[in-house]
Amino acid sequence: MSEHADVVIIGAGAGGATLGGELAEAGAKVVFLEAGKDLNVTYGSPNHFAASQRFIDTINDGLFWHEEYTGRNWRTDMGECAGGGTTCYAGVLEESTPRDYELWPFSYEQFLPYIELTKKRYHVYRWPIEELSHYAQIINEAAGGNLGPTQSGFNREPYFEYGVYHDRCRKCRCCILGCKFNAKANATTITLPKAKWFGAEVKENCWVTRLNTDSSGTKILSVDYLKRTKTGVTSEHVEQHRIYADSFVLAGGSMMTPMLLHWSGQNGQALANSSGQVGRNLRGHFFRATYSVLKRDDVRSYQGNLVELNDLYQNFDKGYLLEFNMVAPPTYMGGMVEVMETDDLVDMIGLPFKRLMRQYPKFIISAPLCRSYDEGFTENYVLPHATKTNKIRRSASGRAIRAERAGA
Amino acid sequence: MDRRQFIANSMATFFTMIIAGRAGASVFLPKDLEGWSMGKVAKGTDPAPKPEVTAAVDVIVPPDPEIPNDFKGSDYGGDWAVAASLGDLGQIAVVFYLNQYARKVASKSFLQCDEQERIEAIRQWIRERDEIQPLIKDLLTGLTSIAMIGTFEENEPAAEKRLFESMNWYDPNDPTGTFRIPCEGYPDSFIFPVTLKKGVKEELGK
């Protein structure tokens with residue numbers, strides 16, 4: 001079964017959907033191949049919140065589908081749906097800087113106009129710290145005025161665009177799992193509807209397995225993909241397809257893009273890998289917790305307030321990533337003992353620790369986004385067939401002692 | 001690692017597995033598992049703390065000389081909390097390691113050491129915590145964190161209040177707030193209503 005399009009975009013996430021919207025508006029026949037579901041957010045949908053709960057189902061299905069049907073030992077954690085990771089993030093958008101482009105073949109200055117255009121498309125701006133909540137101000141103080149720099153993808157004012165209504169931000173703090181009011185910048189409800197508005201097609205549940213080249217191995221002619229016709233069932237419900245196009249855009253994210261290049265090619269040579277740099281130099285999500293004792297009056301954050309950290313990720317305020325400690329003393333101390341540097345704990349154990357715990361009502365854990373270029377990100381890379389490694393290690397008592405955090 | 005260390009570590013690992021209930025030997029766990037939690041003590045049925053555990057708790061939570069009549073760990077039963085959390089065999093493992101590190105830093109048993117040597121033995125255990133087996137490290141974590149506050153659940157209300165006031169944890173405007181579950185009673189806060197499927201729970205180990 002073969003098909004044809006002007007442009008095939010592999011991955012309908014932040015990169016693919018943004019480009020697809022522009023190309024479709026320019027008149028191209030665009031087809032998205034998306035591994036996850038299409039949430040189909042349009043005007044009249046109950047809300048984006050409901051769509052996001054479907055997204056959770058997507059994650060659940062996606063966890064097992066790849067291994068079952070491809071035989072490849074890899075799993076996805078987040079972002080496998082039309083809209084990709086933009087569906088489930090906390091609205092925190094870091095400013096890029098010239099240094100981010102040092103390893104890229106173009107400069108920050110060359111890229112800047114496109115950054116500005118994308119920000120305009122997604123209605124992204126920086127929310128002034130002065131307009132954040134009272135508790136965000138406290139955290140900012142605790143962090144030494146070091147919140148950010150970040151931008152916010154939350155609407156100050158409602159707008160209607162390409163058949164989708166976007167409400168203003170109501171500060172419900174559920175953005176990490178989708179915005180209840182559709183007030184968050186994301187590809188699901190902004191650029192994908194735009195692409196569809198101009199005639200683009202989103203093929204959901206389609207997992208690309210290979211890029212096919214011509215005999216020279218330099219031009220991609222078609223891609224093979226598996227289409228899942230039913231979720232959570234046997235391989236009888238998977239169809240093999242091939243699609244031809246004049247142009248292909250590989251936008252599968254930092255993991256799937258290099259893996260797909262690894263899997264494609266001829267004569268044992270992976271595609272686009274003459275440099276040996278495919279899938280390398282991955283950088284982690286910068287996240288640094290600051291444990292502080294406030295000088296001002298007790299905050300007693302464990303009793304609940306406007307920006308507390310609950311079970312999930314409600315730890316932000318208009319694009320600023322925040323975190324409050326929200327645990328009783330026993331849990332807090334156990335956590336402190338485990339996260340504290342060994343040398344620090346050696347110094348603290350005994351009377352200093354007791355004195356520290358006497359200041360418990362003033363404790364605050366803030367997590368401003370911090371930049372660090374000291375991390376050895378050149379050591380991080382994607383393997384063609386990665387193994388499951390990022391598991392949460394648990395102590396004998398069953399408590400997670402080192403949980404790898406997903407990006408916000 | 002020599003043979004003696006290997007045997008000792010293996011034994012401690014086994015004990016800790018029992019504590020965690022992974023060996024299925026619930027007979028060694030605190031008597032009534034229903035409602036049991038770390039730090040919850042039922043004096044009379046739970047194991048009594050061994051002298052080494054009491055001594056360790058008292059150096060981990062010493063009286064503050066700057067506060068008149070300040071309490072030490074065992075005053076509010078922190079040693080009972082540690083003992084209840086670890087169980088009989090867990091205590092044996094803790095005592096074994098306390099003595100091992102006491103001999104390492106002072107060449108005598110833990111009880112023979114003075115307070116300074118005792119805290120130094122515990123510090124030595126902490127220094128080596130990144131090299132030892134995770135389960136043994138958990139014994140250390142349990143000892144150091146439970147010792148401080150473990151007894152709050154079983155103290156008389158008046159004693160509990162005294163302890164909380166001493167530690168500045170008592171809020172006269174919200175006396176029950178210290179151990180409130182997240183967001184309880186706050187209408188603008190809620191926990192996101194997402195349930196994970198069975199397979200995902202297994203995957204995440206929940």
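Rule-based calculations on the coordinates, nothing more; no lab input. Quantities reported herein were computed from a predicted structural model and do not represent experimental measurements. With ideal geometry, Cβ positions are generated from the backbone for all residues, glycine too; neighbour counts draw on all protein chains shown.
Values for this structure:
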| quantity | calculated |
| --- | --- |
| Estimated inter-spin distance, A:ASP6 and A:ARG99, nm [label 7 Å along Cα→Cβ] | 4.2 nm |
| Theoretical FRET efficiency, 1/(1+(r/R0)^6), r = Cβ-Cβ of A:TYR108 and A:GLU161, R0 35 Å, to 0.05 | 0.75 |
| Order of A:VAL8, B:VAL59 under a 10 Å beta carbon neighbour criterion, fewest first | B:VAL59, A:VAL8 |
| Net +/- balance of residues flanking A:ALA14 in space, Cβ distance below 14 Å, scoring K and R +1, D and E -1 | 0 |
| Amide H contacts of A:SER152 (H built 1.01 Å from N, under 5 Å, at least 5 apart or other chain) | A:TYR125, A:ARG126, A:TRP127 |
| Flagged links, alpha-carbon separation over 32 Å, of B:LYS50/B:LYS161; A:LYS37/A:LYS219; A:LYS362/B:LYS104 | A:LYS362/B:LYS104 |
| Exposure proxy ranking, count of Cβ atoms within 10 Å, fewest first, for A:GLU338, A:GLU116 | A:GLU116, A:GLU338 |
| Charge context of B:PRO65, other residues only, Cβ under 13 angstrom, K/R +1, D/E -1 | -1 |
| Radius 9 Å from Cβ of B:ALA83, net charge of other residues (Lys, Arg +1; Asp, Glu -1) | -2 |
| By average C-beta atoms within 10 angstrom, highest first, the peptides B:78-84, B:109-115, A:86-92 | B:78-84, A:86-92, B:109-115 |
| Cβ-based exposure ranking for B:LYS108, A:LYS354, B:LYS72, in which fewest neighbours within 10 Å come first | B:LYS108, B:LYS72, A:LYS354 |
